[in-house]
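Read-outs throughout are calculated quantities, based only on the coordinates presented, and are distinct from any laboratory measurement. These figures come from a predicted structure and were not determined experimentally. For neighbour counting, all protein chains shown are included, and Cβ atoms are generated from backbone atoms with ideal geometry for every residue, glycine included.
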């Protein structure tokens, strides 16, 4: 698929941005013999004068600046003129307050321009930062292939990253990998499993997926906090601390997915911590609630892993930059504490999330929907705006572990739970919770 075909497949009302004339008569900054002829041949074959096409376009009712790579033009490689066009496109986006959508298909930096081509990655990175600092969202679609500097800047540097099925996505291109390397490790699917991209989207679904994400990230952003969801489970309050624990651990109790489905009319997830990890027990993304966009980070009842905390931190940082309020759902027995979790940096991941929550400028709302297990749950809680359902509890540590630490017999677990005052009504009285939520009318 050509650059223009890829653009037209997802966007309408495309208008090319003005492009500086390109000279194909010289052999470039290195005097690379035959380079000028190769450029002329590529132009004749593709109808383009460079490896990227830049335009204003409309996707799902949202005006954007779109960049689409032409792989047929010298492998979609990035040279000086490519860099010039990317710089100009981002400057246009900032001037007119438009999000940036990049459809990448590139083998990386252009060999025939040497270090002058490689240095374009610094220019591109600077534009990504300037556009990010301007509060404008950046979305990327990874086509086949996306390798080298294109992946390491325009690809991995975007706020949301979508990829085409089976696309080659890697820093190392196919000709420079170790001969024994498994090709499956260099695919979009492998990058998704490793937490580096947000979704793999078939071509037929791509226009709708891009449109939804753009609407979510550009809709009006009221400054007031998101309201807590209504309770979906029991309505009466627990009679004892251990009763509260039993309710929160009940297998049939409503979990995060039920709350998210009831709260949002539509939503789009971000997945992975961009550091090589993905925790399926943490749902993060953006959704529409009563016509406004709300970001969410929701624990799903499992022990949260370091990748889950980092993904939540990534989500809250993005929402904070875009001015979008955040809803968090707390439901975990605690942070994962196995050896692999420690090796993956459980402590630093939790510390990062505590810091991100403490420094957020947008309002955060938290609803405890099940277990609130120690610091692994508290890291996701909004100070001063945390609510709870009747089938939840929050504790400094699980009552069984508290009894063990205090050298009490197992039979003392129930009384210990009472002493800890972990029932939701106790937590309101102690000033930790702002209040309890009930079922909707």
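Model label sites at residue 204 and residue 32, defined 7 Å from Cα along the beta-carbon direction, differ in position by 4.0 nm. Mean separation of Cα pairs under 8 Å and 6 or more residues apart, divided by the residue count, gives segment 260-349 a relative contact order of 27 percent. DSSP bridge analysis restricted to segment 283-376 gives an antiparallel fraction near 40%, rounded to the nearest 5. The modelled label-to-label distance between residue 340 and residue 405, using points 7 Å beyond Cα along the C-beta direction, is 2.7 nm.
Between the beta carbons of residue 397 and residue 129, assuming R0 = 41 Å, the FRET efficiency works out to 0.45 to the nearest 0.05.
For segment 241-436, the C-alpha radius of gyration sits at 1.00 times the compact-globule guess of 2.2 N^0.38 Å, with N the residue count.
On a 0 to 90 degree scale, rounded to 10, what angle separates helix 206-218 from the longest Cα axis of the chain? Approximately 60 degrees, to the nearest ten. Based on alpha-carbon atoms, the Kirkwood radius and the radius of gyration of segment 268-358 give Rg/Rh equal to 0.97. To the nearest 10 degrees, how steeply does helix 346-359 sit against the main Cα axis of the chain, on a 0 to 90 scale? For helix 346-359, the angle is close to 90 degrees. What separates the Cα centres of segment 219-282 and segment 383-441 is a distance of 17 Å. Equivalent-ellipsoid semi-axes for segment 21-115 (Cα gyration tensor, √(5λ), whole Å, largest first): 27, 13, 11. The alpha carbon centroids of segment 9-77 and segment 133-179 are separated by 18 Å. Exposure proxy shown here: for 35, 393, the number of other Cβ atoms within 10 Å sets the order, fewest to most, as 35, 393.
Scaled against 2.2 N^0.38 Å for its residue count N, the alpha carbon radius of gyration of segment 141-255 is 1.63.
Mean sequence separation of contacting Cα pairs (under 8 Å, at least six apart), scaled by the length of the chain, corresponds to a relative contact order of 11 percent. For 164, 282, the sequence from fewest to most other C-beta atoms within 10 Å is 164, 282.
Rounded to the nearest 10 degrees, the angle from helix 80-95 to the longest Cα principal axis of the chain is 50 degrees. Volume per residue of the convex hull around the Cα atoms, evaluated for segment 3-218, comes out as 115 Å³.
For a Förster distance of 30 Å, can you work out the FRET efficiency between the beta-carbons of residue 45 and residue 180, rounded to the nearest 0.05?
Details: r = 35 Å, r/R0 = 1.17.
Once the sixth-power term is evaluated, E becomes 0.30.
Shown for 296, 186, 309: other C-beta atoms within 10 Å of each C-beta, ranked fewest to most, produce the order 186, 296, 309. Estimated at 0.36 nm per residue, the fully extended path between residue 8 and residue 265 surpasses their Cα-Cα distance by 89.7 nm.
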